[in-house]
Structure formats: structure tokens, C-alpha cells
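Colleague: Have a look at this one.
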Amino acid sequence: MSKKLFQRNLGRTDRIIRLIIGVLALGAWYFGAVAGTIAIVIGVAAIMLIGTSAAASCPLNSVANINTMSQKEREENDAKGISNQKK
């Protein structure tokens, strides 16, 4: 099951949205727009969003069997030898 958790399951649009939200949240934390415990939670969430975006893999999506990649993206990755989560 652990191998399934690290297979690519995020499409380009999903990755871009996660990256934008993560960078905005990290900026809010860094510049002090939030403080206290909520700042820690937002900082951790931002790092997780940026990390999943960079890896193109989300363990929660794997557990829920969600794959946001288009068929074209899956075919491109298959041609490159990159492992994709099968839907």
C-alpha cells in the first residue's frame, strides 16, 4: 500500500492551485498576518501543499482513490516511465 501512496495522482491544474495557495499561506505566516497557534497550523499546511504540489502526489488522494490527472497527462507520464495511480 505504501507504494500506492507515492504514485502521481495530481494533475497540472491541481498542482498549480496547491502551489498558489501554499505560497500565499506561507507568505501570510512569514509576514505576520497570522499569529499564535493558527500561524503554526497555516505554516505546516502551506509546507504540505507546496510539498504535494512538487511531488505531484497526495497521500490523502491515494487513500480516497482520487486522481486529478487527465488521460493525456497519464499517457505522457507512461511514455516517460513515470508511475501513475490507476483510476
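Colleague: Percent relative contact order of the chain, based on C-alpha pairs within less than 8 angstrom and at least six residues apart?
Modeller: Relative contact order here is 46 percent.
Colleague: With a 1.4 Å probe and every protein chain left in place, work out the accessible area per residue of the chain in Å², rounded to a whole number.
Modeller: Each residue of the chain exposes 66 Å² on average to a 1.4 Å probe.
Colleague: Would you work out what percent of the accessible area of the chain, with all protein chains in place, is carbon or sulfur (probe 1.4 Å)?
Modeller: On the way: 3990 of 5770 Å².
Reported share for carbon and sulfur atoms: 69 percent.
Colleague: Translational D (Stokes-Einstein, µm²/s) of the chain at 10 °C and 1.306 mPa s when Rh comes from the Kirkwood sum over C-alpha pairs?
Modeller: D = 115 µm²/s.
Colleague: Distance in nm between label sites at Ile82 and Phe31, each 7 Å beyond Cα in the beta-carbon direction?
Modeller: My value for the distance between the label points is 3.2 nm.
The values are calculated or read from the model by the stated rules, or taken from the named source; none is laboratory data. Quantities reported herein were computed from a predicted structural model and do not represent experimental measurements. Positions of Cβ are generated from backbone atoms using ideal geometry, with glycine treated the same way; all protein chains shown enter the neighbour counts. When the accessible area is computed, the model is the full protein with side chains, heavy atoms only, and any ligands, DNA or RNA have been set aside. Shrake-Rupley method; radii C 1.70, N 1.55, O 1.52, S 1.80 Å.
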